[in-house]
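Comments concern the structure below.
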Amino acid sequence: MIRMFGRMRKSLGWILLIVVLLLAQAYCDLALPSCTSKIIDTGISQKGIEDAVPETIRDGSMKTLLMLLPESSRKDVLRRYTKSNSLYRLRTLTAAQRKKLSDTLSRAEAAAVFAGQKGVDITSLPEPMIRVMTAQLDKMLKEYPQSIVTQAAVQYVASEYQAQNIDLGKMQTDYLLRTGGRMLLFALIAMICSILVAYLASRLSAGLGRDLRQDVYRKVLTFSSHEMNRFSTASLITRSTNDIQQVQMVITLMFRIVLYAPILAIGGLIRVSQTGSYLSWILAVGVGALAALMGVLFAFVMPRFRVLQSKIDRMNLISREILTGIPVIRAFSAEKREERRFDDANRDLTKTNLFVNRAMSLMMPAMMLIMNAISVLIIYSGAHGIDHGRLQVGDMMAFIQYAMQIIMAFLMISAIAVFMPRASVSARRINEVLDTRPMIQSPVHPLSVPSGSGGLLEFDHVSFRYPGAEEDVLKDISFTTKKGQTVALIGSTGSGKSTLVNLIPRFFDVTEGAIRVDGTDIRKMDLADLRERIGYVPQKSVLFSGTVESNLRFGRKDAAEGELLDALSIAQADFVNEKKAASAAGSPRAARTFPAVRSSGLRSPGRSRRGRSFIFSMTVSPLWTSVRTRRCGAR
Ligand SMILES: Nc1ncnc2c1ncn2[C@@H]1O[C@H](COP(=O)(O)OP(=O)(O)OP(=O)(O)O)[C@@H](O)[C@H]1O
Ligand SMILES: [Mg+2]
């Protein structure tokens, strides 16, 4: 799987863009709970008043506050306001300045509120009395948690605004709308990022899929019969379709989820530490429980996933054998036996499938249980915190949401983990194909056989043994054919006629001896050049999808109509012409698309594309095989 990522090096820019988008998405997603917290704490509980800093303050109130402040702070506070018409207006402050001012003012404001509750008029008291009283109030306030001080300060600011006839209701609505609007904006940005990530991830993985298919296809085209036998056609098809699809899917999920989950989890942890950090132990317990659950589950289930993949492969193999061998199965009345074999494999697969699915379906409720237990614990401990003034309701709500986001990150990773074993098996299968070095390759410096040369084919003490076989199929074969000569090889079935012919286009290489064309060893010739000189009619005919004509033109695109007819008549496929005549009145194309013509024998020897003057025509059929070299120079 790692190598699959390695292949995506050229898309590094896009991957970085995805990471940036995911970071933006995580930022927005994580901003939402803090907005909720603000709506509850500031918007609802504090009527939209954010802190202890009043925007405007009356002269009298300022005097009272200054009295309650220590000497050293009075100047600082006054510096932050401008006075006009017995009203102090707040100057523009930075966030840090405002925070400091709020801290300074909050104690004085709280003291004023408590003094007011006790019916004490501070302005009427002499300075030494005020000193004693503030010292007492300060001592009392130190025992209260910060939230109670803040609440009292906010209450002071609210009553100050009320006294100035400021519409508090409008202020609250404005705050709620502002914060709600920000929430909407964050949600919108998160959605756009998520859509863009999905788009880019799909594009990248589809691109990877396309490249992989192309590479596998190109590689397979270079395969000799040895490699084809090793992999089998059906397996190569599965590898270039289903396996690539698996890898593609996991890559998409990787970008969209696996990359996102840690960002979300780490971001969530940072945010949590900023809110009610004394609740963090609950999160630690929750994450620990989840990790343990996942660990146990994966220790048992992961190996089964690998087994599942091999059982699917076995199922495929048996289905393929049965489907391709139906005539043989029928002929030997082996239906029952084959059915049993299929049934066994099917049951085996189902059993493993059931186990894996049951285990995975157990995982979801277990995780939900942990999630809910965490919520209950947070609410229980949070309620105590709120009761003691250590925490605000909104903070607790935000904490729950962050906890859920962190757990969701774990859930996402565990969901992906299900696909990983399958994809890594698939990736390994694809890499196997891509890493295979074909046994038969063109030489690096091929010798060129001059055109217009003799057309002499020579077998020189050729022996051949199939890879892995115990005995030679062909032993010490020597013969020569000249231009225009026809050589027929006659022998019983399995005697090696097809094998001998397959050695000429280098479907296999000789084990001993040499095959020469005009004195040049075919292993020293360019493979494409060699094969271009050969007309080949396989024992088993193959028709490509298309028309009769496109099949006829398979060897030579520019063949003239007359040559096509010639080939048809050599192949005794006159029925094509008959069909053409029969359908001439109706649709003339019908004749061209008539597919039943056999391609064996259709190949008419002729001048090759590069104008070389000799062509071998090989006909391979049971019992006799002919190799013919024809003089074509005159054509
Ligand atoms: N791909 C292969 N791998 C291993 N052995 C093979 C392979 N193809 C053929 N053989 C073996 O090589 C021998 C020769 O096979 P070949 O197909 O050349 O015979 P043939 O003379 O063409 O037979 P037929 O008349 O049935 O076409 C046989 O024993 C066969 O089992
Ligand atoms: Mg044969």
Exercise for the section: Can you run the Rg to Rh ratio on the stretch 85-214? Use alpha carbon positions and the Kirkwood inverse-distance Rh. Expected result: 1.33
Exercise for the section: State to the nearest 20 debye the size of the charge dipole of the stretch 525-579 about its Cα centre, where the only charges are +1 on K and R beta carbons and -1 on D and E beta carbons. Expected result: 240
Handout entry: the chain, accessible surface, carbon-and-sulfur percent (1.4 angstrom probe)
Key = 60
Exercise for the section: With +1 on each Lys and Arg Cβ and -1 on each Asp and Glu Cβ, and nothing else charged, work out how big the dipole of the chain is about its Cα centre, in Debye to the nearest 20. Expected result: 1620
Completion exercise
The answer for the net charge of residues other than K475 whose Cβ lies under 15 angstrom from its Cβ, with Lys and Arg +1 and Asp and Glu -1, is -4
Practice task
Relative to the longest principal axis of the C-alpha atoms of the chain, give the angle of the C-alpha long axis of helix 335-387, reported between 0 and 90° and rounded to the nearest 10°.
Solution key: 10
Problem - Using alpha-carbon coordinates, inclination of helix 12-38 to the longest axis of the chain, degrees - result: 30
Handout entry: Relative contact order for the stretch 50-131, counting Cα pairs under 8 Å that sit 6 or more residues apart, in percent
Key = 40
Handout entry: Cα-projected label distance for S280 with E512, points at 7 Å along beta-carbon direction, nm
Key = 7.9
Fill in the blank from the handout: Given the candidates G385, A417, P450, the one whose Cα lies deepest towards the positive end of the charge dipole of the chain, counting +1 at each Lys or Arg C-beta and -1 at each Asp or Glu C-beta, is P450
Handout entry: Entries of K336/K540; K118/K139; K497/K540; K142/K170; K75/K100; K311/K351 with Cα pairs more than 22 Å apart
Key = K336/K540; K142/K170
Problem - Per-residue ³J(HN,Hα) for the stretch 81-94, Karplus 6.51 cos²θ - 1.76 cosθ + 1.60, θ = phi - 60°, Hz, x for Gly and Pro - result: 10, 10, 10, 8, 6, 6, 10, 8, 10, 6, 7, 6, 10, 7
Problem - Dipole magnitude of the stretch 387-484, debye to nearest 20 (Cβ charges: Lys/Arg +1, Asp/Glu -1, about Cα centre) - result: 240
Practice task
Between beta-carbons, use under 9 Å as the cut-off and find the net charge around P54, counting Lys and Arg +1, Asp and Glu -1.
Solution key: -3
Exercise for the section: Just the ratio, please: alpha-carbon radius of gyration of the stretch 457-528 over 2.2 N^0.38 Å, N its number of residues. Expected result: 1.09
Handout entry: For peptides 429-435, 407-413, sequence by mean Cβ density within 10 Å, most packed first
Key = 407-413, 429-435
Fill in the blank from the handout: Burial-style ranking of 161-167, 264-270, average other-beta-carbon count within 10 Å with highest first, yields 264-270, 161-167
Practice task
Work out the charge dipole of the chain with +1 on the Cβ of Lys and Arg and -1 on the Cβ of Asp and Glu about the Cα centre, then indicate which of V501, V301, C35 is farthest towards its positive end.
Solution key: V501
Handout entry: All aspartates and glutamates inside 19 Å of K483 as judged from Cα atoms, apart from same-chain residues fewer than 8 positions distant
Key = E458, D460, D518, D521, D529, E532
Fill in the blank from the handout: With R₀ set to 60 angstrom, the calculated FRET efficiency between the beta-carbons of A95 and D215, to the nearest 0.05, is 0.60
Practice task
Sticking to Cα atoms, compute the Rg of the chain to one decimal and its Dmax as the biggest Cα-Cα distance, whole number, in Å.
Solution key: 42.2, 134
Practice task
Be a star and scan the stretch 8-52 for residues whose amide nitrogen sits under 17 Å from the point 7 Å along the Cα-to-Cβ vector of Q162.
Solution key: 44-50
Fill in the blank from the handout: For the chain, the longest principal axis of the Cα atoms and the Cα long axis of helix 561-570 enclose an angle in degrees, to the nearest 10, of 60
Fill in the blank from the handout: From most to least accessible, 1.4 Å probe, no ligand or DNA/RNA atoms counted, L456, L23, L168 line up as L23, L456, L168
Fill in the blank from the handout: accessible surface per residue for the chain, probe 1.4 Å, DNA/RNA/ligands not counted, whole Å² -> 53
Handout entry: Computed label-point distance, nm, for sites L354 and L434 using a 7 Å Cα→Cβ extension
Key = 3.9
Problem - Size of the stretch 322-447 as Cα extents on the principal axes (Å, biggest first) - result: 87, 57, 13
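The values are calculated or read from the model by the stated rules, or taken from the named source; none is laboratory data. Being a predicted model, the structure only gives us computed values, none of them experimental. As a convention, Cβ positions derive from the backbone with ideal geometry for all residues, glycine included, and neighbour counts pool all protein chains shown. Side chains included, ligands, DNA and RNA excluded: accessible areas come from the protein's heavy atoms. Shrake-Rupley method; radii C 1.70, N 1.55, O 1.52, S 1.80 Å.
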